[in-house]
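So the structure is just underneath, and the comments pick up after that.
The values are calculated or read from the model by the stated rules, or taken from the named source; none is laboratory data. Predicted, not measured: the structure shown is a model, and the values here were computed from it. Cβ placement follows ideal geometry from the backbone for every residue including glycine, while neighbour counts extend to all protein chains displayed. In case anyone asks, the SASA skips ligands and DNA or RNA and just uses the protein heavy atoms, side chains included. Shrake-Rupley method; radii C 1.70, N 1.55, O 1.52, S 1.80 Å.
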Amino acid sequence: MLAKNNADDDGRVDESEKPTSSAEEKSQVCSKALERLRSETGRTQASDNLQIISELTSLVITSCPNIPQGHDLRNTALDILKSITSKLGKLDMSDPLTVESVGGSLVESVANLLNAPEEAAEENAGNPKFDPVQDDHISPEERAKKAKEEEEEQRAERQVVVQKSRQVLDSLFNALTDPMRPGDAPVTISRAGVTMRAQKIFGSKSGNQVVQTEDGVFQLPSQTALFPEHPPHNVTVMFIEYQQNPFPRGRGYYQARSSVIELTLRRKNYKPLVFSNLTDEFKITIPAGKSRNKPTTKTITFPASGNETSSYHLLNLNNTAEGWLVTITPLNTSVVYGVSGRYGGRPDDQNYDVSMETYVLPEECSLMETLSGDDTDRTEAKLFIKGKADPVDYHVKVKVLGPATKCDISDRPEERKVHTKDLYAYEIQWARLSCVFWSETQRAWKPDGCTIDDKSTIAITICHCNHLTAFGSDFATPPDTVNFGALTLSDLRDNGAVLTTIFVVFCLFLLTLVITKIFDLRRKKKKTPSIKLDDLQSDFRYRLHLWTGTAKHAGTESNVAFNLCGDVATSGVRVVNITEKVFTQGSQVTLNFSTAEQLGNVELLQLMHDNSGEGGRASWHVDRAAVQDLTTNKMSYFFCGEWLAADRGDGQIAKTFPVATEQDLRSFGFLFPASLRSNMAEEHLFLSVAVMPEESTFTRSERIGCCLSFLTLSMVSSAMWLNDEEETQIVQAVSFGPFSFTLNTVYTGFMTGIICLPAIIVIVLLFQFSRPSNKGDRRVRDVETGDPAEAPAQQKPAKGLPHLCKYVAWVLVVLSVVGSAIFIVLYSLEWGKEKSEWWLSSFFISFLADMILLQPAKVTTKLSLL
């Protein structure tokens, strides 16, 4: 039949309907199966056929993952289920086999339709996916509007699925309870994460009745609270538990991150009873379900020899539906910790709402306590802090009270975990639980009318609510709040490594800034020597650039001369006869001269000196040279790299160098070292401060600012990774002065350097590509050649970012430096001496990793892209 429906009159299959993949083929089979089931459901009248159809429908929905995701297929499946439930009156629903077959199939089908896969769940969570090709022309405002509309559409679609699914379960419930009598055994169906419990009870015995599934529990309020006047003869009770939240993502602050349980009470007419603002409350036990809720864990340490032996934690509560679950566990044995809490202020010895002690005894002492009959578990302190009607702050104080006196323990405290003996340490876990219900009108999870019970745990949340609907539990682990009121000056003395490091970094910044400013001022006064060897009145003018090497004693005080040879003529021997010694180590000297006739293509350069300098100043090491024909603007290059010295090399003080050919200039031996030298001088953040190119618009001050920003950001990043260091067993550590290096320290240093690099690159790019200021842009005369400068009208427009971006970059530098310094000081107050030294080691590794590895890697990457 299915094959015939897809065939043309001549028996050939329509090519357009052929599946292109196995997934599409399976999707088509599932779609056709649903259509066939819908057709059969509408025609069937026999109870046996109805039972078979319900089982087949469950099988198809379970076997076809595209049905819960596809809008049309999902609606088709729900229509089939509603059609089946409309004919349940033809079946004997008091028969356990029929209940298991038909009822189980219906519940399983609903569960599979509600439990959408992860991709669909992400979209329902407010992250719709768009086609990037279609969205390229859309503005950010339109894109945000479109995203919001898409999210609302997905919420509406999900709400329709939930409503239709609940209608199917309602019809099934009515069919189950119709043949029941009050007091009969309840019927429970559990399939694929959805559990339904149906029963009928006497109205006069409904007070304080307990209705439960395997995990969830509802305890009804008193009889007078439920029915103040006359209770009905009987009440049907429907309890549904969803292990996965079936509702769409709520619009409000709260979300259900647990199982969702729903209780409905009905009279004979099947209409649900409405309860609100009851004088007595429903007691609801909500299981965590499939959620993987875990509390946040943090280790707090402070020196045993320090003055500070207390720490504070600040928790925020908004209403009575919220509660904090806090656990304090000592990490030292034989040390007593006092834990106290107070609403609205810090607790002290006289003012507190709760106070307890916790300690861990050695194994032999713990055994003695057990044998003596004292089974009290004091190895951890558990607090459950309930919210109040109005928002309130709750302060938790943990204080070291001293050594434990039980079992005559007077030895020095030992450690329970891997910590040094100079530290007090404890572990704190916290999580915020909230009782919430689904508001059909607001399409949001709300806490109104509920109060959380102090017996709630991570696994179950116990709520007291004065109304009846679908309930869930919200789970959150907000970050620990820094309690500024607990900070004292005594904490600063235990963190000398942190404060000293920050002070030294800032001093180095100021010192380097002053030195580079002085260096730049002297460099401006002492320009690159440019010497005229004649009056430049001849017709053809040339400019010779000579670079002296950087080796020791590379400069010379001897009288230098040269002869430039072309294929037409030579310049003749020209002597650089000046009193000033310009050929110093690492210098660049420009010689301007003219000739009566043009030299043609330059071929040779002869360099020589008279060896008249004293001692080591007689020799000369020439690195390279270049000649520019100012008539044709043609440049010729010479690779020298030799000594002109009587006491060095081959002993020659006059040498001839051939011009570099086009092949020489394109060779790897020339291009790579030249490009590497140029890029290291421009791109390496730390080295470029000393060897930056003279023509760069990225000034030394800006480079120093970027270095300071990197150092302070790496300080904060190193602090972020320190919590894991304490829990790592130290197998072997290498000490070097104040630094102690472990594998975890080295790893932390590398990771913090990588984390900080993108932020620094943004600041560097803003400095590098911002146009310089237009101030001082005047027409000047070339003092070397006497030529007029090019008119501004002939110049091309400047390229790059607006000059304003330099100010933006400076703002980012200041914010990153000041913010990082403040937060690193605040965080370090909880560390103590040893942890501060761990931080210093990881920070030092981060600095070395960036300077030795990351910055050269950045330069090498740029070279490979050229």
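Can you pull out every residue in the range 469-486 that is within 28 Å of Val396 (Cβ to Cβ) and modelled with pLDDT of 70 or more? Steps first, please.
Taking the range 469-486 as the starting set, the residues that turn out to be within 28 Å of Val396 (Cβ to Cβ) are 472-486.
Residues satisfying the conditions are Gly472, Ser473, Asp474, Phe475, Ala476, Thr477, Pro478.
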State all residues of the range 625-639 that are open to solvent by 20 Å² or more (accessible area, probe 1.4 Å) and within 53 Å of the chain's Cα centre (by Cα); if no residue qualifies, say none.
-> Met635, Tyr637, Phe639
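Got a sec? Which helices (runs of 4 or more DSSP H) wholly within the range 23-103 have at least 2 residues that are out of contact with any helix residue (DSSP H, G or I) (no Cβ under 6 Å at 6 or more places or on another chain) and of a type outside the set (Lys, Arg)?
On the way: elements: 47-63, 66-69, 71-85.
Where helices (runs of 4 or more DSSP H) fall fully within the range 23-103 and carry at least 2 residues being out of contact with any helix residue (DSSP H, G or I) (no Cβ under 6 Å at 6 or more places or on another chain) and of a type outside the set (Lys, Arg), they are 47-63, 71-85.
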All but one of (1) open to solvent by less than 40 Å² (accessible area, probe 1.4 Å); (2) under 30 Å from Val235 (Cα atoms) hold for Ser310, so report the exception by its number.
-> (2)
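Quickly run through the range 216-226 and pick out the residues that are without any contact (Cβ under 8 Å) to a residue 60 or more places away in the chain and either open to solvent by less than 20 Å² (accessible area, probe 1.4 Å) or of a type in the set (A, V, I, L, M) (or both).
Looking only at the range 216-226, we keep the residues that are without any contact (Cβ under 8 Å) to a residue 60 or more places away in the chain, and these are 222-226.
Across the range 216-226, the qualifying residues are Ala225, Leu226.
From Thr279, Thr195, Thr213, Thr236, which residue is of a type outside the set (A, V, I, L, M, F, W, C), in contact (Cβ under 8 Å) with a residue 12 or more places away in the chain, surrounded by 18 or more Cβ atoms within 10 Å (Cβ to Cβ) and closer than 20 Å to His464 by Cα?
Details: Thr279 fails: surrounded by 18 or more Cβ atoms within 10 Å (Cβ to Cβ); Thr195 fails: closer than 20 Å to His464 by Cα; Thr236 fails: closer than 20 Å to His464 by Cα.
After ruling out the rest, the residue left standing is Thr213.
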Got at least one residue in the range 148-170 being crowded, with 19+ Cβ neighbours inside 10 Å, touching a Ser or Thr at 6+ places or on another chain (Cβ under 7 Å) and not in a strand (DSSP E or B)?
-> yes
What is the residue count in the range 575-632 for residues that are outside any strand (DSSP E or B) and under 19 Å from Gln652 (Cα atoms)?
-> 11
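When the residues of the range 487-519 are narrowed to those that are modelled with pLDDT under 75, part of a helix (DSSP H, G or I) and among the charged types (D, E, K, R), which ends up surrounded by the most Cβ atoms within 10 Å (Cβ to Cβ)? Talk me through it step by step, then tell me what you get.
Kept after step one, since they are modelled with pLDDT under 75, are these residues of the range 487-519: 487-497.
Going one step further and asking which of them are part of a helix (DSSP H, G or I), we end up with 489-493, 496-497.
With among the charged types (D, E, K, R) added as a condition, the list becomes 491, 493.
Values: Asp491: 21, Arg493: 14.
By that ranking, first place goes to Asp491.
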Name every residue in the range 434-450 that is within 13 Å of Gly252 (Cα to Cα), part of a strand (DSSP E or B) and either in contact with a strand residue (DSSP E or B) (Cβ under 6 Å, 6 or more places away or on another chain) or among the acidic types (Asp, Glu) (or both), in order of residue number.
-> Val436, Phe437, Trp438, Ser439, Trp445, Lys446
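Results for (1) at pLDDT below 90; (2) loosely packed, with under 14 Cβ neighbours inside 10 Å, shown as yes or no for each residue.
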{"position": "Ala125", "(1), (2)": "yes, yes"}
{"position": "Ser139", "(1), (2)": "yes, yes"}
{"position": "Ala175", "(1), (2)": "no, no"}
{"position": "Arg181", "(1), (2)": "no, yes"}
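Looking only at residues that are aromatic (Phe, Trp, Tyr) and surrounded by 14 or more Cβ atoms within 10 Å (Cβ to Cβ) in the range 805-832, which one is modelled with the highest pLDDT? Write out each step before concluding.
Going residue by residue through the range 805-832, those that are aromatic (Phe, Trp, Tyr) are 807, 810, 823, 827, 831.
Filter once more, keeping what is surrounded by 14 or more Cβ atoms within 10 Å (Cβ to Cβ): 810, 823, 827, 831.
Numbers: Trp810: 91, Phe823: 82, Tyr827: 72, Trp831: 64.
Filtering first and then ranking leaves Trp810.
Looking only at the range 30-45, how many residues end up being over 15 Å from Lys87 (Cα atoms) and open to solvent by 80 Å² or more (accessible area, probe 1.4 Å)? Let's see the steps before the verdict.
Our first condition is that a residue be over 15 Å from Lys87 (Cα atoms); within the range 30-45, this holds for 30-36.
Checking which are open to solvent by 80 Å² or more (accessible area, probe 1.4 Å) leaves us with 35-36.
Matching residues across the range 30-45 total 2.
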State whether one or more residues within the range 258-271 are at pLDDT 90 or above and in a loop (DSSP other than H, G, I, E, B).
-> yes
Determine if the range 297-304 includes at least one residue that is within 19 Å of Leu423 (Cα to Cα), open to solvent by 20 Å² or more (accessible area, probe 1.4 Å) and in a loop (DSSP other than H, G, I, E, B).
-> yes
Can you tell me how many residues in the range 349-378 are surrounded by fewer than 13 Cβ atoms within 10 Å (Cβ to Cβ) and at pLDDT 75 or above?
-> 3
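Might you let me know whether the range 775-798 holds any residue that is acidic (Asp, Glu), at pLDDT below 80, surrounded by 18 or more Cβ atoms within 10 Å (Cβ to Cβ) and outside any strand (DSSP E or B)? Outline the logic, then answer.
Residues of the range 775-798 that are acidic (Asp, Glu), as a first pass: 777, 782, 784, 787, 790.
Adding the requirement that they be at pLDDT below 80 leaves 777, 782, 784, 787, 790.
Then keep just the ones that are surrounded by 18 or more Cβ atoms within 10 Å (Cβ to Cβ); that gives none.
No: the range 775-798 contains no residue that is acidic (Asp, Glu), at pLDDT below 80, surrounded by 18 or more Cβ atoms within 10 Å (Cβ to Cβ) and outside any strand (DSSP E or B).
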Given the residues Thr728, Thr745, Thr712, which is the only one that is at pLDDT below 75, of a type in the set (S, T, N, Q) and open to solvent by less than 30 Å² (accessible area, probe 1.4 Å)?
-> Thr745
